[in-house]
Amino acid sequence: MDVDISYEIERLLQYGLEKKLIHKEDVVYTRNKIMEVLGLEDINEVYINTEELSSPEPILRNMLKWALQKAYYWMMELTPGTYLTQRLWDV
Amino acid sequence: MDDGVDAWDLFDTKIMGCLIGRPSEIISTFFNIYRRDKKEATDYFYNLSKASNYIRTDRIAKDMKWKTQTEYGELDITINLSKPEKDPRAIAAEKNLKTTSYPKCLLCKENEGYSGRINHPARQNHRIIPITINNENWFFQYSPYVYYNEHCIVFKGEHEPMKISRETFCRLLDFVEQFPHYFIGSNADLSIVGGSILSHDHFQGGNYEFAMTKAPVEKEYAIGYGKKVKGYRIKWPMSVIRLEAVEKCDLIESAYQIYLKWKNYSDVDAGIISHTNGIPHNTVTPIARMVDGRFQLDLVLRNNRTSEEYPYGIFHPHQELHHIKKENIGLIEVMGLAVLPARLNNEFKELTDYLVNPHKLLEIDKNEKLIKHKEWAIEINRKYGPLMHDQVEEVLKNEIGQKFLKVLEDSGVFKRDVEGQNAFDKFMESVNRDSKE
């Protein structure tokens, strides 16, 4: 199943607020920074459930999956069966 | 140096770097809390280091940890699943490597915010706190590997090699005065008996009580300095002098004199030779803490001489223990916590099958990974007979703990038998004699 990256970004922002890594004034700015890192120009407005995570790992794992899927579609055309495309299935 | 860095780590660290404040914000928050409550300040910084995923708590949770009861108290054993094992000779070679890359090493302050590369971890989510000890600029951070609670690292602002000196004792005691709820120690400054990073002066500390800390006093020594400094031998497999004083300066002076004395001390009967062709072998692993408002400093006597019989080190785990531990016995092991390499996790899992079905031991030679454990497995089988599925793990864990005790005994310069302890007394007498002169 494809990862909804907009949803994962909101989850990560919620994690950051919960852990006091960021404050509410930082949310828009931080969302933009994350979009920049992910190479996103656009994002969907999504509603997320409240959750309490002890580690951001589940979110980061989905983001990685999303990035690899993107890379995969791109790489399939170039070099199928490379290290990266193989390891996509381990995620 | 390959630290097991994966391209994935570079990716998710970059994302987490978006969520953490700039260094100046973190530092000002830390010291605002510190002025009110020191422990609260370190709590804040520890939680931040975990929340930012700089400490990867999900990976740490996979580490195996247990305690083994011995005559010296409960030893801690950890099988680390996120950091590779280093050959002591590779570590020695690294000390002489040219330092041309950026950052110069894994500890340097230039790591803060660094985007990383395939053989160096990304650190966009990493923050460090500047502190002043011995009137010098040092930095405080947590270890990403968390071998024990609040495992912190204190490193020098400049990339300079490990060196035990009078200043080392000043720095350690300054640190515990500023962070009285933490212990702090330095690895020795010689290969084999030092830690894994000799190229950058640093300490390790934290909020954890090790078996060595709890070890009872066995004997009191007169060490000069009137009654201002108390000196003790504690009950521990390695050779530890515990010093205690109310005033920092008294403790620094006595520790320094003992260190100087030890550096040039030889006792041929005990196998201790201080120099070979002018190359020094003697040094100490010092550990400081505050106890009930008094300063305490443990000096663990070390010697890194090698011989034909013991090419890895005379006071280092001997060959027959290398299947479990051949890495340097650094500060953390010295205090009673074994950090064992990840490969052992799978090997032990496989080994349980052989111990439950001992007839398979006859074929253990066919298993390349387990050959090195053969004698040990046979020994365990002889001791317990065939083991049940529900007891094999407990037995194996206990036997590993007992092996670790042997590791510490091998590393001790004065052995625990009567002769060894007499040799210890002889050294302490010479310390006392000199301090009176």
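Here are the numbers:
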{"read-out": "Theoretical gain in end-to-end length, B:Glu347 to B:Thr306 [0.36 nm per residue, Cα-Cα removed]", "value": "11.8 nm"}
{"read-out": "Exposure proxy ranking, count of Cβ atoms within 10 Å, fewest first, for B:Val268, B:Val240", "value": "B:Val268, B:Val240"}
{"read-out": "Max mean-square fluctuation residue, GNM over chain B, Cα-Cα springs under 10 Å, options B:Ile378, B:Ile287, B:Ile129", "value": "B:Ile378"}
{"read-out": "Order of B:Ile153, B:Ile131 - criterion: other Cβ atoms within 10 Å of each residue's Cβ, fewest first", "value": "B:Ile131, B:Ile153"}
{"read-out": "Charge sum, other residues only, whose C-beta stays under 12 Å from A:Asp26's C-beta, Lys/Arg counted +1 and Asp/Glu -1", "value": "+3"}
{"read-out": "Estimated FRET transfer efficiency when R0 is 60 angstrom, pair A:Ile48-B:Lys369 (beta carbons, to 0.05)", "value": "0.85"}
{"read-out": "Computed [θ] at 222 nm, deg cm²/dmol, chain B (DSSP H ≥ 4; -39,500 (n - 2.57); rounded to nearest 500)", "value": "-11000 deg cm²/dmol"}
{"read-out": "Inter-site label distance for A:Glu25 and B:Leu260 at 7 Å from Cα along Cβ, in nm", "value": "5.6"}
{"read-out": "Shape of the protein assembly as shown, Cα gyration tensor, a/c cut at 1.5", "value": "oblate"}
{"read-out": "Separation of alpha-carbon centers, the range B:354-419 and the range B:5-33, rounded to whole Å", "value": "43"}
{"read-out": "Whole-angstrom gap from the range B:47-77 to the range B:110-136, using each part's C-alpha centre", "value": "22"}
{"read-out": "Axial C-alpha extent at least 18 Å, average Kyte-Doolittle at least -0.5 - helices from chain B (DSSP)", "value": "B:23-36, B:166-178, B:248-263"}
{"read-out": "Fewest-first ranking of A:Arg61, B:Arg294, B:Arg22, using other Cβ atoms within 10 Å as the exposure measure", "value": "B:Arg22, B:Arg294, A:Arg61"}
{"read-out": "Share antiparallel - DSSP beta bridges, the range B:117-274, percent rounded to 5", "value": "95"}
{"read-out": "Relative contact order (%) - criterion: Cα under 8 Å, at least six apart; region: chain B", "value": "17"}
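Just so you know, all these numbers are worked out from the coordinates, no wet-lab data involved. Everything quoted here is computed from the prediction, not taken from an experiment. Virtual Cβ from ideal backbone geometry, glycine too; neighbours counted across all protein chains shown.
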